[in-house]
There are 2 protein chains.
Amino acid sequence: MTEIIKPVAIGNLCVIGTGLIGGSFCLALKQAGVVEHITGAGRSEETLQKAQQLNIIDSYDMDIANAVKDADVVFVSVPLGAMQAVFEKIAAGLKSSGNQKAVITDAGSSKLQVQQLADKVFADSAFRFVAGHPIAGTEESGPDAAFADLYQDRRVILTPTDNTSTDAVKVVTALWQATGALVETMDAERHDKVLAATSHLPHMLAFGLVHCLENMDDIENIFRFAAGGFRDVTRIASSDPTMWRDICLNNRKPILEMMQRYRDELDMLYNALEAGDGEKLIEVFQHAKQTRDKFTH
Amino acid sequence: MTEIIKPVAIGNLCVIGTGLIGGSFCLALKQAGVVEHITGAGRSEETLQKAQQLNIIDSYDMDIANAVKDADVVFVSVPLGAMQAVFEKIAAGLKSSGNQKAVITDAGSSKLQVQQLADKVFADSAFRFVAGHPIAGTEESGPDAAFADLYQDRRVILTPTDNTSTDAVKVVTALWQATGALVETMDAERHDKVLAATSHLPHMLAFGLVHCLENMDDIENIFRFAAGGFRDVTRIASSDPTMWRDICLNNRKPILEMMQRYRDELDMLYNALEAGDGEKLIEVFQHAKQTRDKFTH
């Protein structure tokens, strides 16, 4: 856990992508009273208008390069697949306006590729980029879904490199702490492995389970007999397909490694069941139950 | 859906196993006022005493053969692994007391093997056995966990054979309907396939996921970053290991078939991700989301 840093009020925050993640970040910072002015930017004017109506942002600018010109901090909360284009517009805006103070951070679910992208696009200014990932969210999306308490007591992982400015990390840490989040730092590679295990693999398994069943004969009738357990296991299969395609493609190697590990596990269970090996089955089930009960305690 | 049958009050109900499933059955029938006297039986006197204190049963008898001698209906709610021994004691008790009226039913999660067992153990009286499975439960167990509304609007599947007495099916249907349940009939083989898909496979996947992760380095730290999605996917990995070993061994073939089908699905997803095939990934995710959203609507 990083030390608690006294939040320093900042003047201008520019938030690119004012949906659930970006919108909740704004609302939390406004509630904490640590930001003077928030400028929204993004692809959809309808979304930005909605965000302004909801007092998530104070003003907006459809032109990202223009929106960032006076920013002290730029917060990028767009899907991973849109990150490169957005970074390029930010870099162009900072350059043309001569803004050499802005700290840039993001909220993407995988970090190594985002960092590589930032190093390439921001080049000499990449030391002011701090990669971040809030472990929070709901299945909802858009400004309507945003709320000030989303990050309360949730973990946020920052993955600074050896070249990242310590001051930039402090600013981003202070902002996240002002939202109520618990900030930790780790290297991007470790982040991507941890998230592949606890989030990306479970999503693949849930999507795969529903997809595997939907091709069975008589599936309409089969689903009528599904109980609470099935609903819980498959809840995350209702997540946004585009976002998850982007996460998969951005964190491919660690996810493939976890999938391989999981296939080995399934093979072991299959073989134990095929052999009627009740002792092996109960050993696995007991271990799993103990671990899960301990973890959720 | 079976027609609604007017519940006929019965005199003596004998319930073997007075935990969550058996206890809730008793409480619901008492609430509906359709049973005169309930005798509990089972392995643990402490459980039976507790059940009597909670007014789940009116009396109890540790000797199953004795407990069933005046029964109009015998309800067996013990783990699948204990079913054979219990059936043998019931058969002995009915024979020695000359009880030729008792309808026997069970609540086990797999049906084909239970039916085969009943055919063997009850022999000439097997026509009075009606295999059943309530799709209901919680992670809790024991008489303390029982409650009268557990079966309200839940589905109960009965799997009578061509030899099962129509009257016996009517009695069991009427009792379940009195608990508030929606009763359906299907053949045992279909039941076992449907449950392998919607319940048994998801349990295997959840147990496997936790077990697969627990052997990773640094797992204590990894679990700290698990969010709500992980909690939901793995909730059923906290289920009772003995009960699930029994279910696996009792419904081995349909579960193996579903596991094979799921392994093929995972292989497809693995190959798509390895090839960086974003179109294939989004197609699978979209289908899964649509199916899941439609099903939970």
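A few notes on this one:
- Pairs are defined by a Cβ separation below 7 Å, a sequence spacing of at least 6 or placement on different chains, a first member in the stretch A:220-241 that is within 14 Å of B:Gln286 (Cα to Cα) and at the interface with chain B (Cβ under 7 Å from one of its Cβ atoms), and a second member that is at pLDDT below 85 and assigned to a helix (DSSP H, G or I); the pairs so defined are A:Ile236/B:Gly229.
- Here A:Met204 passes the criteria (1) in the same structural domain as A:Val86 (by TED's automatic domain parsing); (2) modelled with pLDDT of 95 or more; (3) buried (at least 22 other Cβ atoms within 10 Å of the Cβ); (4) among the hydrophobic types (A, V, I, L, M, F, W, C) except the one numbered (1).
- Qualifying residue in the stretch A:51-68 (condition: at pLDDT 95 or above, among the aliphatic types (A, V, I, L, M) and under 28 Å from A:Asp187 (Cβ atoms)): yes
- Being within 21 Å of the chain's Cα centre (by Cα), under 14 Å from A:Gly22 (Cβ atoms) and either buried (at least 16 other Cβ atoms within 10 Å of the Cβ) or at pLDDT 95 or above (or both) is a property that A:Val86 has.
- Total residues in the stretch B:113-169 satisfying the condition of being within 14 Å of chain A (Cβ to nearest Cβ), hydrophobic (A, V, I, L, M, F, W, C) and on the phi > 0 side of the Ramachandran plot: the figure is 0.
- Test set (1) at the interface with chain B (Cβ under 7 Å from one of its Cβ atoms); (2) free of Cβ contacts under 8 Å to residues at least 60 places away in the same chain; (3) over 14 Å from the mean Cα position of the chain (by Cα) - A:Val194 fails condition number: (3)
- Residue list for the stretch B:284-297, filter: at the interface with chain A (Cβ under 7 Å from one of its Cβ atoms) and either under 15 Å from A:Leu205 (Cβ atoms) or out of contact with any His (no Cβ under 6 Å at 6 or more places or on another chain) (or both): B:Val284, B:Phe285, B:Gln286, B:Ala288, B:Lys289, B:Thr291, B:Arg292, B:Asp293, B:Phe295, B:Thr296
- Checking B:Ser97, B:Ser125, B:Ser44, B:Ser59 one by one, the residue that is in contact with a His (Cβ under 8 Å, 6 or more places away or on another chain), of a type outside the set (D, E, K, R) and over 28 Å from A:Gly276 (Cα atoms) is B:Ser59 and no other.
- Search result, residues across the stretch A:1-43 that are of a type in the set (D, E, K, R) and modelled with pLDDT of 95 or more: A:Lys30, A:Glu36
- Residue within the stretch A:119-132 that is in the same structural domain as A:Asn99 (by TED's automatic domain parsing), modelled with pLDDT of 95 or more, under 23 Å from B:Arg231 (Cα atoms) and touching a strand residue (DSSP E or B) at 6+ places or on another chain (Cβ under 8 Å) present: yes
- If you check A:Leu269, A:Leu213, A:Leu281 for being in contact with a Cys (Cβ under 6 Å, 6 or more places away or on another chain), without any contact (Cβ under 8 Å) to a residue 40 or more places away in the chain, under 30 Å from B:Arg190 (Cα atoms) and at the interface with chain B (Cβ under 7 Å from one of its Cβ atoms), only one passes: A:Leu281.
- Residue selected from the stretch A:255-266 under the condition under 21 Å from the mean Cα position of the chain (by Cα) and either under 17 Å from B:Gly229 (Cβ atoms) or modelled with pLDDT under 95 (or both), by the criterion farthest from the other protein chains (Cβ to nearest Cβ): A:Met258
- In this structure, B:Met204 does satisfy being at the interface with another protein chain (Cβ under 7 Å from one of its Cβ atoms) and touching a residue at least 40 places away in the same chain (Cβ under 8 Å).
- Any chance A:Thr234 is closer than 18 Å to B:His200 by Cα, within 31 Å of the chain's Cα centre (by Cα) and outside the structural domain of A:Ser109 (by TED's automatic domain parsing): yes
The values are calculated or read from the model by the stated rules, or taken from the named source; none is laboratory data. These numbers come from a predicted model, not from an experiment. Methodologically, a virtual Cβ is constructed for each residue, glycine included, from the backbone with ideal geometry; neighbour enumeration extends over all protein chains shown.
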